[in-house]
Amino acid sequence: MEYAPVGFGDHHWIAVGDAGEKWFVTVADLELKGEQDSHAALRSLRAAMDTAAALRDEGRVDFVVAPLRAAGGETVRRLGPRYALSVFPFVDGVPGDFDQPRTAHERGAVLELLAELHRQAPPASVPVLDLELSMRGLLHSALNDAIRWASGPFTEPARTLLSTHAPAILRRVEEFDRLVEDVRRSDGAPVLTHGEPHPGNLLQCESRYLLIDWDTVGLAPPERDLWSVAQSPEDLERYAEATGHTVNASALTLYPLRWDLEEVSSYVDWFRAPHDRSLDTEEAWQGLLEAVAHLSEV
């Protein structure tokens, strides 16, 4: 077993067998999954991993990097009260970078991949996602300085940051609510979405892409995936031609806003609890700064 310092939040190892075979081992930190408790986090993770495995096992799509099943069929095995284990086949590909810009050709390749995913009939295990914010109550309390903060190196900086930008963020929450109503009135059919098809979740294997990190898979409007990929009218036209779906402008505006609000909520949840300074918390702090900056833009 060799520790692999990659990704964010979870922990990873590369395991090598006696005959040289390799696996990619992931240990998820259930406390960082944005659920009410570790039991809910484990249920959500299992539903997501079961969905990815079903897509692979049924042979409908060949770009899904899904966990292997244990002897009893499980895709996730609990490790004590806080952690859960999944084992993936080791894929020898070139990982992308979260902040890496895409060329028009690369965007086209990813849009074709998403179009294929969105056309799939969803497995029975797939979570049905709500448009609402998952931690709305926490966010509202934090913006009104009504939560209890524990001690940690980023506690006071996070609290001060939120206090300074609370009026602007609350206005964006109001905008979010209007967009949610617009999207609900449109009554579009939800599709099977990945949730985070950014470059960091893509592996390039020769001339094709594979999608990793299916933790956030779920039924939702297709714009949940499209906003982070499409950058031009031509991109949206290409997707529409592949799927017959006319992109909903309100949904395309909703999802980047939802992303930033969820980022703020997640990092507040992290920093209000006892924590230490680490590479993960330092990256989380930068993520909080970036999300607040986006939300405060006029």
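The values are calculated or read from the model by the stated rules, or taken from the named source; none is laboratory data. Treat the numbers as computed from the prediction; the structure is a model and nothing was measured. FYI the Cβ positions are ideal-geometry reconstructions off the backbone, even for glycines, and counts take in every protein chain you see. Remember, those area values only see protein heavy atoms, side chains included, never the ligands or the DNA or RNA. Shrake-Rupley method; radii C 1.70, N 1.55, O 1.52, S 1.80 Å.
Summary of computed values
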read-out	value
Selection count where residues are within 22 Å of residue 133 (Cβ to Cβ) and either under 14 Å from the mean Cα position of the chain (by Cα) or among the aliphatic types (A, V, I, L, M) (or both), scope the stretch 242-264	14
Any hit, the stretch 284-298, residues being open to solvent by less than 40 Å² (accessible area, probe 1.4 Å), over 27 Å from residue 28 (Cα atoms) and either hydrophobic (A, V, I, L, M, F, W, C) or free of Cβ contacts under 8 Å to residues at least 60 places away in the same chain (or both)	yes
Qualifying positions in the stretch 217-241 - open to solvent by 40 Å² or more (accessible area, probe 1.4 Å) and either among the basic types (Lys, Arg) or closer than 23 Å to residue 128 by Cα (or both)	227, 238
Qualifying positions in the stretch 26-67 - under 18 Å from residue 11 (Cβ atoms) and among the hydrophobic types (A, V, I, L, M, F, W, C)	27, 28, 30, 32, 41, 42, 45, 48, 49, 65
Selection within the stretch 242-272 - loosely packed, with under 15 Cβ neighbours inside 10 Å and among the aliphatic types (A, V, I, L, M)	249
Hits in the stretch 7-17 (condition: under 13 Å from residue 28 (Cα atoms) and not acidic (Asp, Glu))	7, 8, 9, 11, 12, 13
Residue 29, sole failed condition from (1) open to solvent by less than 40 Å² (accessible area, probe 1.4 Å); (2) within 20 Å of residue 203 (Cα to Cα); (3) of a type in the set (Asp, Glu)	(2)
Of residues in the stretch 1-26 being under 13 Å from residue 86 (Cβ atoms) and open to solvent by 40 Å² or more (accessible area, probe 1.4 Å), the one nearest to the chain's Cα centre (by Cα)	7
Residue 263 in a helix (DSSP H, G or I), at pLDDT below 95 and either under 20 Å from residue 197 (Cα atoms) or out of contact with any Ser or Thr (no Cβ under 8 Å at 6 or more places or on another chain) (or both)	no
Subset of the stretch 141-158 (residues that are without any contact (Cβ under 8 Å) to a residue 24 or more places away in the chain and outside any loop (DSSP other than H, G, I, E, B))	141, 156
